[in-house]
1. Give me the net charge of PRO189's neighbourhood, meaning all other residues with Cβ under 11 Å from the Cβ of PRO189; Lys, Arg count +1, Asp, Glu -1.
2. To the nearest 0.05, what FRET efficiency results for ALA85 and GLU140 with a Förster distance of 35 Å applied to their C-beta separation?
3. Go through region 74-161 and name the GluC sites (Glu not before Pro) that are in a DSSP coil and have 15 or fewer other Cβ atoms within 10 Å of their Cβ.
4. Which order do SER109, SER185, SER255 fall in if you start with the one that has the fewest other Cβ atoms within 10 Å?
5. So, in nm, how far is label LYS95 from label GLN35 when the simple model puts each one 7 Å beyond its Cα toward the Cβ?
6. Rg to Rh ratio, region 26-265, alpha-carbon atoms and Kirkwood radius?
7. Looking at the square roots a ≥ b ≥ c of the eigenvalues of the Cα gyration tensor of region 180-267, which shape do they give, rounded for a/c under 1.5, prolate if a/b is larger than b/c, or oblate?
8. So how far, in whole Å, is the C-alpha centre of region 187-247 from the one of region 99-170?
Amino acid sequence: MRRLIKLLLPPIFISVYRALFHKKYGFYGNYSSWQEAESQCEGYSSVHIFDRVKKSAQLVKDEKYFCERDSVLFDSPQYSWPSLACLMNVAAQNKGRLSVLDFGGSLGSAFFQNRRFLENLSVEWSVVEQPHFVSYGAKEIAGNGLQFFSTLAQCAEQKAINVVFLSGVLQYLPNPYQLLDEILSYGFPFVILDRTPFGRAGYDILKIQIVDPSIYVASYPVWLLDESLFCERLHSHGYTIVEEFSSNIDWQDASYTFKGFLIKKNS
């Protein structure tokens, strides 16, 4: 429905639509600490949300639905074409071998979403997640190249990773640069970033995100990362941005935009 509205209505009507129907979810407030923001949120660790994610992932694995994202089920593909193109680019540079470290990858959402394009490649897809995701995923969801790990170090030790996949994850961490530094310290050849909000304020901004209630009722602290600071961090670790792209997310704001990057380790 949202895509149909965007195609049929002029931009001014789209702005009115967003003002009327999107005002109850999105990014709100400005907070001085993660603890302050978190104290006002109902987050991803909630049991009822995890139960929804489990049920949706199982239905996708059983091919009752094509894919899911944030527990929302889809009958047809919901590709992020730019990030998929980045994955294919990495595979092409590695003779068809793709070993992905998918940090915060839920129960393999991106793996199942892109599986049609992965079938003819040599693929290892390793999800690093919270313990309860790993426990359930290893028992009920793993297979056909999909595995689950509790820590980045454990995954890096067991797998010859050639690309790290970070889709909609950095902004939800208390210290996103701590994770970024850890990932980049391993010297993985490529990093793909997608669905991450960036601003140009000259500093990172901490807000609360209220989730669209049609998905589930929850709220989280969320970072709007400053793009210049983020790029400086990459360069300090010897990485270069090969390509950047806009993420396919409807709700945007003049002060930030959801973006993605293909990032490569300098030779």
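1. Result for the neighbourhood of PRO189: +2.
2. FRET efficiency, ALA85 to GLU140: 0.70.
3. When the GluC sites (Glu not before Pro) of region 74-161 are filtered for loop state and at most 15 Cβ neighbours within 10 Å, GLU119 remain.
4. Numbers: SER109 24, SER185 9, SER255 12.
In order of increasing Cβ crowding within 10 Å: SER185, SER255, SER109.
5. 5.3
6. Taking Rh as the inverse mean 1/r over Cα pairs, Rg/Rh reads 0.94.
7. prolate
8. 20
Every read-out reported here was derived from the displayed coordinates using simple, explicitly stated rules and does not represent laboratory data. Since the structure is predicted, the reported quantities are computational estimates derived from the model, not experimental observations. Here the Cβ is made from the backbone with ideal geometry for all residues, glycine too, and neighbour counts use every protein chain on show.
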